[in-house]
Amino acid sequence: MAVAAEVRVEAGGKLVIPRVDIAIDCGPRVNLDRVRSQMEGAVVFGVGLATTAEISFKNGRVQENNFDGYEVTRIDSSPREIRVHVLPAEDYGQPLGGVGEPGVPPVAPALANAVFAATGKRIRSLPFRNQLAS
């Protein structure tokens with residue numbers, strides 16, 4: 001897996017993500033479109049985890065009990081373009097498996113590195129939406 005992101009931080013800390021490239025070496029696959037769809041979904045989910053997803057507790061209880069309190073990535077904060085690069089399978093003698101969720105973990109570091117490249121500010125904790133305003 002590899003992920004590279006292009007970002008822009010607007011006034012007030014609004015993060016805009018024009019493009020994300022994600023590459024996967026998953027070996028043999030049966031349906032290339034399904035692999036691409038899984039990676040696109042992983043990018044959108046990873047953006048949400050990196051930028052807004054937070055579970056907080058008060059008096060031993062979770063504060064976010066529904067989607068009105070737990071933000072998920074919506075279309076306006078999703079990357080405008082997601083390019084999926086699937087490496088060609090070299091050995092079709094391997095057993096087939098699933099793609100799963102390997103695309104999710106590298107999204108947050110890619111976004112944090114893109115924010116650093118754009119602003120010079122290092123992001124070291126998640127979610128980082130409130131760290132972009134200053």
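The values are calculated or read from the model by the stated rules, or taken from the named source; none is laboratory data. Model, not experiment: these values are computed from the prediction. Every residue, glycine among them, receives a Cβ derived from its backbone with ideal geometry; neighbour counts consider all protein chains shown. For accessibility, only protein heavy atoms count, side chains too; no ligands or nucleic acids. Shrake-Rupley method; radii C 1.70, N 1.55, O 1.52, S 1.80 Å.
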Q) Against the longest alpha carbon principal axis of the chain, how many degrees, from 0 to 90 and to the nearest 10, is the axis of helix 107-119 turned? A) 60
Q: Classify segment 1-80 as rounded, prolate or oblate, taking a ≥ b ≥ c as the square roots of the eigenvalues of its Cα gyration tensor: rounded when a/c is under 1.5, otherwise prolate if a/b is larger than b/c and oblate if not.
A: oblate
Q) Kirkwood Rh over Cα pairs of the chain into Stokes-Einstein at 20 °C, 1.002 mPa s: D in µm²/s? A) 133
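Could you check how much of the accessible area of segment 40-134 is carbon and sulfur, as a whole percent, using a 1.4 Å probe? Before the final figure, lay out each step's value.
Numbers: 3280 of 6280 Å².
Carbon plus sulfur share of accessible area: 52 percent.
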Q: Could you work out how far helix 32-51 tilts from the main Cα principal axis of the chain, as a 0 to 90 degree angle to the nearest 10?
A: 20
Q.
Run through segment 68-134 and list the trypsin sites (Lys or Arg not before Pro) located in a DSSP loop whose Cβ has at most 15 other Cβ atoms within 10 Å.
A. R74, R80, K121, R122, R124
Q: Could you pull the accessible area for I22 with a 1.4 Å probe, rounded to 10 Å²?
A: 0
Q: Compute the FRET efficiency between N65 and H85 as 1/(1 + (r/R0)^6), taking r as their Cβ-Cβ distance and R0 = 35 Å, and round to the nearest 0.05.
A: 0.35
